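Step one of this worksheet: look at the structure below.
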Amino acid sequence: MAKFFKYGVVIVAAFPLLCSPSAFAQPADTQEIMVIAPQVTVEKERARGAMMGKVLVYSVQRTVSFADLDLRSDSGVQTLKDRIRDAAKSGCDQISKDYPLVTDDSCMRIAVSNGMSQADQVISRARG
């Protein structure tokens, strides 16, 4: 089966940005959806006798193409949703591989949710 996404790694320090579907809004004429797989970790350290923590968000971005799909059809919509889930799983698996000590169950949930929010917008435009 052909892969329909590309990937890159992004490390950011602002988790709320990753939780906002509108943060990744695509132009109306694009044929791709960005699926961001986030993983949050807190690095604890002792400073001046107090326990401090630094929040880091590791994320992997996958680009899902729907240029070959007819989003007016139910099968086209289902294929897009499957691609988004596959991209989210791929991104979360990559983070787990690269950062094995980081454990947070929300990666798939957030990645799929953000991808599906974008998909809903492009499906609505396609179905007019």
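None of the figures in this text is laboratory data; all of them are computed from the coordinates on show. The structure displayed is predicted, hence computed values, not measured ones.
From the Kirkwood radius over Cα pairs of segment 40-128, Stokes-Einstein at 10 °C and 1.306 mPa s returns a whole-number translational diffusion coefficient of 105 µm²/s.
Full extension of the chain segment joining LYS44 with ARG127 gains 25.0 nm, where the gain is 0.36 nm per residue of separation less the Cα-Cα distance.
Which of the aspartates and glutamates could be linked to LYS97 by a straight reach, that is with a Cα gap under 18 Å, when you skip same-chain ones fewer than 8 residues away? Once the sequence-local aspartates and glutamates are set aside, what remains near LYS97 is ASP86, ASP105.
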